[in-house]
Amino acid sequence: MPSISTQLNDRTKSKIKKTAKKAAMGTIKAVFLIGFCFVIIYPVLMMISKAFMERRDIFDNTVILVLKHFTLQNFEIAIMLTDFWNTLVNTLTLSAIVTVLETVSCLVIAYGLARFEFKLRGLILGLVVFTIIVPPQLILTPMYVQFSNYNPFGIMKLIFGGSLNLIDTYIPFGLLAATGMGVKNGLFILIFFQLFRNMPKELEEAAHIDGAGSFATFIKIMVPNAVTSIVTVVLFGFMWQYNDINYSSSFLRNKNVFSSVYYNLERFTLEVYDLLGVSQYDMTMTMYIPLVKSAGVLLFLAPLLLVFLFCQRYFVESIERVGIVG
Amino acid sequence: MKRRLTLTQKKALLGYVYTAPWIIGFIFLFISPIIKTAIYSFHSFDKVTLEPTFIGWTNFRYAFTGDAKFPQVLVESLSNLTEVPLILIFSYFVAILLRKDFPGSAFVKMIFFLTVILSSDLFLRMQSSVASVNNAQINASMQETQELFTALQAVDLSKYFYSIGVPNEWFDFINNAISNIFFIMIRSGVQIFIFLAALHNIPSSMYEAASMEGSTAWETFWLITFPMTSPIILINCIYTIIDSFGSYLNPVVTYINSIAFKQFEFGYSSAMSWIYFLCIAVIIAIIYLLFRKKIFYQT
C-alpha cells in the first residue's frame, strides 16, 4: 500500500508538471505574438521616422528610426504637391456620402431578403455573392462610357435637353451605393442578412399584432438590434471607399482624391526645388522622394488612424461578434 | 373591385419592394455593363469619335499571341495565388493564439486590427517602394555594409536547405514566404477576425465533453475545432482570392486600367477583363468543388 506521503508527492509532481507546461506554452505564445506585432509595427515606425527625417540624414547610416535632425519640411512639400486640404475635403465628402447611402441601402435590401419569402429570393442571394466575385475591371469601362454620356431611357434629354456628363461628380458613386453595388457591398448585404435571419420571429409577430407595418418593424425593431453590425459596416465601408482606387480613378478624372494624387508625391515641381534651394539636376533628390512619400501617406492615413484609435475597442469587439458566420 | 391579396402574397410583394433598389442596380449598373463589356470585346474603337467597328475574335487572339505583356502579367498574378494558403494558415494560427483572453490581448488585437487599415493599396504601394530607399541609403555610402547585410539576410539558408536535401523549388516557396512575411501578415487582417468569430461560436459544451472523455489538446483540435471551422476556412479562402484579384497592386489590374483609361483601347481592355474574369471564376469553382465535400456542416 503506497504511503500517503508518496501519493501527495505524486500529486504535487503532476501539479508542477502542469504549471510548467502552461508556462512553456504561454512563453511560446508570447514569443510568436510579440514577433508578429513587431513585424506589423516596424514598417509603420519606419514610415513615421522617415516622414520627419531631414534630407542630410538620408546619407547617415547611424540614423535608423531615431532621428538626429527633426523637420516638418517633408509634410510641407507633401501638402504642396497633393493640394492636401482640397483633396482631404473631397475624399471625406465622397466617403461620407457613399458610406451613408450604402449602409442604408444594404440594411433595406438585407431586410427584404431575410424576412420575406418570395420566389426570386434564392436567386437574388446567389447573385449577391456573384457581385462580390466579379472584379470591378469587368464593369468599369462601359460604366465610364455610360456615365460620361448619361441618358437613361432618354429621360435626361427630356429634362435637361441633352445627355449629362457625370464624370468628375459624386453622382456615379451615389447611384452605385444607393443600389447596393458599391465597393464590397455584397459583403455588407450578407452581414446584415445573417443578422436579420437569426432574429426571432416572435418579435416581428408581436409588432404585427400591435399594428406596426413592415417598415415600422424595420425601423423600430430590426435597426436598433443591428447597431453593432451597422457600426462595423459603416467603418469598413468608409475605409474601403477612402482607399478605393478602382472606382475613383475611373470616375474622377480631374477631381483629386487621395488615391489618385499618390503619384504626385514623386513628381517634384519647380516650387519644391525653390523651397529646398537645390538645383533641378541634383541626383540626390531621387533619394529624397521616399521621405516625401512617407510624409504624404502618413497624412493620407491620418484620418483613418484617428478614427481607428477612437473606435478600436468597439470595432474589434463588434467584428468578433458579427463575423460572416453561417 | 380589386381582389385582396393573401398575407403570403402581400409579404412576397413587400419582399420585392425592399429588394427593388438592388434589383434595379443589378440590372442597370451590373449586368448591363458586363454584357456591354462582352460586346465591346469584339469591337475596336476609334480613339477620337469612339465609333465601334466589329472585328470578331481579334482582340482575344491578340491578347495571347500579339501582346507580349498580357500573358506575362496574367501568369504573374496567378502565381500570386501561392500566397493564399500561407495567408490562411497564418490567420488561422493567429486566431487560435488570440482565442483565449490573456493580459494584453486587447492591445495585441488592436495591432492586428491595424493591419486592416494598413492593407490599403496606398500603404502597400509605398511599402514596395520603401525597399528601394533602403537600398539607396546603403548604396550611397557603405558598400561593405551592404555586402554584410545581404550575407546576413540570406544566412545562406538556401545552401543549408540544399545540403539537407530539400529540392530547390520547395526552398523558393519557403524563401518567398519569409521575405514576404510582412505582406502576408498585412493581408490577413480581416481573415483573422473572421476566424476569431468562428472560434468563439463553437459551443463550449463540446470542449467540456471532450475533456471529460480525456482527449488531448491535439485530438480536440483535429476532432472539434478544425471541423467546426471548416466552412469558414472555405469562405476565407474565397475571400482571400477575391481580395488578391481585385487589388490595385495586382499587375493584371494595373495593366488593364492603363490600357483602358490611358490609351483608351476600350475593346482590347474589355477582352482582357473577360479573360481575367474567366480565370478567376474557374479557379474559384475548382476550389469550391474540391473542398465542398470535405467540409463538415453541423446539422
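(1) of a type in the set (Phe, Trp, Tyr); (2) buried (at least 21 other Cβ atoms within 10 Å of the Cβ); (3) not in a helix (DSSP H, G or I): which one isn't true of residue A:111, the others all being true?
Here residue A:111 clears every test but (3).
Might you check whether a residue that is under 24 Å from the mean Cα position of the chain (by Cα) and within 11 Å of chain B (Cβ to nearest Cβ) occurs anywhere in the range A:219-232?
Checked the range A:219-232: at least one residue is under 24 Å from the mean Cα position of the chain (by Cα) and within 11 Å of chain B (Cβ to nearest Cβ).
Looking for whichever is buried (at least 21 other Cβ atoms within 10 Å of the Cβ) and touching a Ser or Thr at 6+ places or on another chain (Cβ under 8 Å) here; the options are A:193, A:188. Which one fits?
Testing whether each residue is buried (at least 21 other Cβ atoms within 10 Å of the Cβ) and touching a Ser or Thr at 6+ places or on another chain (Cβ under 8 Å) leaves just A:188.
I'd like the full set of residues that are touching a residue at least 40 places away in the same chain (Cβ under 8 Å) and of a type in the set (Phe, Trp, Tyr), limited to the range A:263-274.
Within the range A:263-274, just A:268 meets the criteria.
Out of A:140, A:94, report the one residue that is at pLDDT 90 or above and surrounded by 15 or more Cβ atoms within 10 Å (Cβ to Cβ).
Answer to the check: A:94.
Could you pull out the residue among A:105, A:95 that is away from chain B (no Cβ under 12 Å), of a type in the set (Gly, Ala, Ser) and closer than 26 Å to residue A:255 by Cβ?
A:95
Please give the helices (runs of 4 or more DSSP H) falling wholly within the range B:32-98 in which 3 or more residues are away from chain A (no Cβ under 14 Å) and farther than 18 Å from residue B:262 by Cα.
It comes to B:58-61, B:69-79, B:83-97.
Using beta carbons and a limit of 8 Å, which pairs, at least six apart or on different chains, have the first residue in the range B:182-209 and under 15 Å from residue B:100 (Cβ atoms) and not assigned by TED's automatic domain parsing to the domain that holds residue B:228 and the second one loosely packed, with under 15 Cβ neighbours inside 10 Å and of a type in the set (Lys, Arg)?
none
Kindly check whether there is at least one residue in the range A:97-104 that is of a type outside the set (Gly, Ala, Ser) and in contact with an Asp or Glu (Cβ under 7 Å, 6 or more places away or on another chain).
no
Quick one: would you say residue A:74 is crowded, with 21+ Cβ neighbours inside 10 Å and touching a strand residue (DSSP E or B) at 6+ places or on another chain (Cβ under 9 Å)?
Answer is yes for this residue.
Name the residues in the range A:67-83 that are under 28 Å from the mean Cα position of the chain (by Cα) and assigned to a loop (DSSP other than H, G, I, E, B), would you?
A:72, A:83
Considering every residue within the range A:141-150, establish whether at least one is more than 18 Å from residue B:28 (Cβ to Cβ) and more than 9 Å from every other protein chain (Cβ to nearest Cβ).
Checked against the condition, which is being more than 18 Å from residue B:28 (Cβ to Cβ) and more than 9 Å from every other protein chain (Cβ to nearest Cβ), the range A:141-150 yields no hits at all.
At pLDDT 90 or above and within 11 Å of chain A (Cβ to nearest Cβ), is that true of residue B:278?
Criteria met by residue B:278.
Please tell me if residue B:286 is under 15 Å from residue A:133 (Cβ atoms) and within 13 Å of the chain's Cα centre (by Cα).
So residue B:286 fails the test.
State the number of residues belonging to the range B:48-66 that are surrounded by 15 or more Cβ atoms within 10 Å (Cβ to Cβ) and over 13 Å from residue B:265 (Cβ atoms).
1
As an exercise: evaluate residue A:273 against (1) under 14 Å from residue A:80 (Cα atoms); (2) aromatic (Phe, Trp, Tyr); (3) within 11 Å of another protein chain (Cβ to nearest Cβ) and give the number of the one condition it does not meet.
Exception for residue A:273: condition (3).
Answer with yes or no whether residue A:64 is free of Cβ contacts under 8 Å to residues at least 24 places away in the same chain, exposed (fewer than 15 other Cβ atoms within 10 Å of the Cβ), assigned to a helix (DSSP H, G or I) and on the phi < 0 side of the Ramachandran plot.
no
With within 14 Å of chain A (Cβ to nearest Cβ) and buried (at least 17 other Cβ atoms within 10 Å of the Cβ) as the only criterion, which of B:182, B:245 stands out?
That would be B:245, the only listed residue that is within 14 Å of chain A (Cβ to nearest Cβ) and buried (at least 17 other Cβ atoms within 10 Å of the Cβ).
Considering only residues that are aliphatic (A, V, I, L, M) and surrounded by 13 or more Cβ atoms within 10 Å (Cβ to Cβ), which ones fall in the range A:196-215?
The answer is A:199, A:203, A:206, A:207, A:212.
Could you tell me how many of the residues in the range A:26-65 are more than 12 Å from residue B:185 (Cβ to Cβ) and either more than 9 Å from chain B (Cβ to nearest Cβ) or β-branched (Val, Ile, Thr) (or both)?
20
Give A:44, A:39, A:104, A:128 a once-over and let me know the one that is assigned by TED's automatic domain parsing to the domain that holds residue A:177, surrounded by fewer than 20 Cβ atoms within 10 Å (Cβ to Cβ), under 26 Å from the mean Cα position of the chain (by Cα) and at negative phi.
A:104
Filter the range A:173-224 down to the residues that are of a type in the set (Lys, Arg) and touching a residue at least 12 places away in the same chain (Cβ under 8 Å) and list them by number.
A:184, A:197, A:220
When the range A:257-291 is examined, which residues are found to be part of a loop (DSSP other than H, G, I, E, B) and over 30 Å from residue B:261 (Cα atoms)?
Once the filter is applied, which keeps residues that are part of a loop (DSSP other than H, G, I, E, B) and over 30 Å from residue B:261 (Cα atoms), the range A:257-291 yields A:277, A:278, A:279, A:280, A:281, A:282, A:283, A:284.
Across the range B:255-299, what is the total count of residues that are surrounded by 15 or more Cβ atoms within 10 Å (Cβ to Cβ) and among the hydroxyl-bearing types (Ser, Thr, Tyr)?
6
May I ask you to list the residues in the range B:77-104 that are surrounded by 14 or more Cβ atoms within 10 Å (Cβ to Cβ) and more than 30 Å from residue B:217 (Cβ to Cβ)?
B:77, B:78, B:80, B:81
Could you please tell me which pairs satisfy a Cβ distance under 7 Å, a separation of 6+ or placement on different chains, a first residue in the range A:275-293 that is within 17 Å of residue B:125 (Cα to Cα), and a second residue that is assigned to a loop (DSSP other than H, G, I, E, B)?
Listed by first residue and then by second, the contacts come to nothing, as the list is empty.
The values are calculated or read from the model by the stated rules, or taken from the named source; none is laboratory data. Not measured: the values here are computed from a predicted model. Note: ideal-geometry Cβ built from the backbone for every residue, glycine included; neighbour counts use all protein chains shown.
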